[in-house]
């Protein structure tokens, strides 16, 4: 009895023979909806308009990219010593970029007319600067407080001694008129940053001050500088600054440009910092005053650390703008990186039809690498700061 | 019993925040006044020693130099003041054209960056990243020295269909000459524009009242374009063209666009468009997703959704940064000095300053011009922005 019952139960559990007890493995999705083909259909060929757009884009790429690769790499000349190597000849009907020219003049592009025997000083300056930049940019670096002192105080003084020379230390004097190339570009950009950030912070605090005179001067300065082009500021620094100081001072040409660039960058930095200050909730100020901190202590320990932290991406973006703007110092006769290229490309020893494009391509790659690098860094910091919001 | 006296402990005056604030401000004012005073005194001394005239008397003096592009009458016997106006007009022309073209290109690229088409979005992204990260000066030099100056010389000019020529001295185009009778077409254009505005207002009011839509686009196009063309045709096309003629060494007649002008325009438009594209993209992304979804669920087509729902809301976010891009473009047009386009800085802060030596006056005038442009534009845009701003309940 019990035996039959068990058997029937088992049969019932199994169900009739035509009912499947276990699910089948799912079929693969149709080829047209998944995988590469599905992706293509979805992202490139989803409608008449999209098909047309895709074809136009593909044509555009085919029109731009192969000639570019051909010019920059395939037809490029890598070694040579004069223009003859970069001219089309019977064995080379088409000549692309003349990288031999860049390799030949790379020292000129880097140091300008800096005396050859003293160029190690520039190299040390680059290393010191790189150290400072890494210390500041690496957010988890040890002792960043010392890093700030290093970057804003020690580094400028050390660089000044190193680059200008100090005969007492056995470093011969090098006039700024012989500086040039990447050296000048880097000097202008870093001086701009080192001075514009503190001045910008002071101006931003001034603009939010409760003292009307302080506020008025800050607003006038910021709005005036932001309303005029950098070139006119540089012209002003170049022709008006010598008039405004006693004639015995006669400021150096590079110094005038540096003053102009720093003042210009300060106004932009001030607006960036002000945006950061405005983002700090009012309660932070009130709490700080309530525990009895003075204005400067409130700023130093409570407000600025928070405001500057959220401003880092914008500070980096302003730095990118400043780095690109360093090219404008040519108007006051400073020989920056771009100007060394301008000078070298008309050098009769190298002048060929393609030499201008080669020089500009090299400069473009240089600026692109630095600026793109900085903008990636800004985005990385932004992501890290937003980590707290991604709960 | 003596009353308990509630007197505050007397703090020294120096701890009173109000007094302190006044003191700080007094010191600041004193320092600034002293700096300004010593700067003026030094300047006066230095100028007197260098025997440089002061004041604005030079304005009426004969300039004595030629300008390659003058849109108002100008010759070497004109005054410095005239040269100033020529330079200012050249600056405004390149800035205005640049703003229009950069806006069009920038909007196209910004929208393309958000396209569902992967290839298009990627290409727009590449454009923005590459153009934004290369200094404008480098781009201008490239366009001028490596592209336009590398064009064939005068004798091997490339001819453009329609009667134009392109060579390393510029772009030569047929110049339209308006003859008697073409004024009717101009009047028709004016009438068309006014009628179009009236029609649009009427159509909008009717749509508000009844919900019925009128074919605004087609009627506007008809009134503004077809009507003047029809009048032009009826009056027998009273427009002649002055075609440029290629000679051995020169091209005569026609309209000439300097390579400096073209390089500056290309450079400014391509550079600024990358920034405008980012502004537009950020603006469109700022419109909440639900807005698009709600528009779709109401049955609007993608084009209508973009035009009627997304763009009007995005414009609120776009306009302030767009204004600052316009100002940047205008300020960047001073880079003309690098390639020799005769703009305000090149003529005035360059040549005039060198000839007169009156640095202070010339620089002050130049800066005042840019400052005025900036302030006026900001004021206008603030006004517009206030009208566009969201009216909160």
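Pick out the one residue from B:39, B:43, B:26 that is at the interface with chain A (Cβ under 9 Å from one of its Cβ atoms), assigned to a helix (DSSP H, G or I) and touching a residue at least 12 places away in the same chain (Cβ under 8 Å).
Values: B:39 fails: touching a residue at least 12 places away in the same chain (Cβ under 8 Å); B:26 fails: touching a residue at least 12 places away in the same chain (Cβ under 8 Å).
None of the other options fit; the residue is B:43.
Taking the criterion of being touching a residue at least 40 places away in the same chain (Cβ under 8 Å) and surrounded by 17 or more Cβ atoms within 10 Å (Cβ to Cβ), the residues of region B:113-135 that qualify are B:113, B:124, B:127, B:128, B:131, B:132.
Check whether at least one residue in region A:238-249 is closer than 30 Å to residue A:308 by Cβ, more than 7 Å from every other protein chain (Cβ to nearest Cβ) and surrounded by 19 or more Cβ atoms within 10 Å (Cβ to Cβ), and report yes or no. Reasoning before the result, please.
The initial filter retains those residues of region A:238-249 that are closer than 30 Å to residue A:308 by Cβ, namely none.
No, that holds for no residue.
Among the conditions (1) at pLDDT below 90; (2) surrounded by fewer than 18 Cβ atoms within 10 Å (Cβ to Cβ); (3) within 30 Å of residue B:358 (Cα to Cα), residue A:173 misses just one, which is (3). Taking the numbered list (1) under 26 Å from residue A:238 (Cβ atoms); (2) under 38 Å from the mean Cα position of the chain (by Cα); (3) modelled with pLDDT of 80 or more; (4) more than 9 Å from chain A (Cβ to nearest Cβ) in turn, residue B:71 passes all entries but (1).
Between B:336, B:368, B:349, the distinction of being under 30 Å from residue B:64 (Cβ atoms), at pLDDT 85 or above, part of a helix (DSSP H, G or I) and out of contact with any helix residue (DSSP H, G or I) (no Cβ under 9 Å at 6 or more places or on another chain) belongs to B:368 only.
Is it the case that region A:279-292 has a residue that's under 30 Å from residue A:333 (Cα atoms) and assigned to a helix (DSSP H, G or I)? Don't jump to the end; show me each part of the working.
First, pick out the residues of region A:279-292 that are under 30 Å from residue A:333 (Cα atoms): none.
Looking through region A:279-292, none of the residues is under 30 Å from residue A:333 (Cα atoms) and assigned to a helix (DSSP H, G or I).
One residue stands out in region B:371-393 among those that are within 9 Å of chain A (Cβ to nearest Cβ) and at pLDDT 85 or above: the one that is surrounded by the fewest Cβ atoms within 10 Å (Cβ to Cβ), namely B:372. In this structure, does residue B:196 turn out to be at pLDDT 90 or above and on the phi < 0 side of the Ramachandran plot? Considered against the rule, which asks whether it is at pLDDT 90 or above and on the phi < 0 side of the Ramachandran plot, residue B:196 comes out as yes.
Among the helices (runs of 4 or more DSSP H) confined to region A:96-140, the ones with at least 3 residues that are under 28 Å from residue A:360 (Cα atoms) and assigned by TED's automatic domain parsing to the domain that holds residue A:158 are located at A:119-137. Only one of the numbered conditions (1) within 13 Å of another protein chain (Cβ to nearest Cβ); (2) surrounded by fewer than 22 Cβ atoms within 10 Å (Cβ to Cβ); (3) in contact with a helix residue (DSSP H, G or I) (Cβ under 8 Å, 6 or more places away or on another chain); (4) part of a helix (DSSP H, G or I) is violated by residue B:150, and that is (4).
Of all the listed residues (A:276, A:206, A:260), the sole one being assigned to a helix (DSSP H, G or I), within 12 Å of chain B (Cβ to nearest Cβ), more than 26 Å from residue B:360 (Cβ to Cβ) and in contact with a helix residue (DSSP H, G or I) (Cβ under 6 Å, 6 or more places away or on another chain) is A:206.
Looking at B:342, B:312, B:320, can you tell me which residue is within 30 Å of residue B:86 (Cα to Cα) and either modelled with pLDDT of 85 or more or away from chain A (no Cβ under 12 Å) (or both)? Steps first, please.
Values: B:312 fails: within 30 Å of residue B:86 (Cα to Cα); B:320 fails: within 30 Å of residue B:86 (Cα to Cα).
Selected residue: B:342, the only one of B:342, B:312, B:320 that is within 30 Å of residue B:86 (Cα to Cα) and either modelled with pLDDT of 85 or more or away from chain A (no Cβ under 12 Å) (or both).
Considering region A:294-391, the qualifying helices (runs of 4 or more DSSP H), each wholly inside and each with 2 or more residues that are farther than 30 Å from residue B:144 by Cα and either modelled with pLDDT of 95 or more or more than 12 Å from every other protein chain (Cβ to nearest Cβ) (or both), run over A:304-325, A:355-385.
The values are calculated or read from the model by the stated rules, or taken from the named source; none is laboratory data. None of the values given here were measured: they were computed from a predicted structure. Cβ: placed from backbone, ideal geometry, glycine included. Neighbour counts: every protein chain shown.
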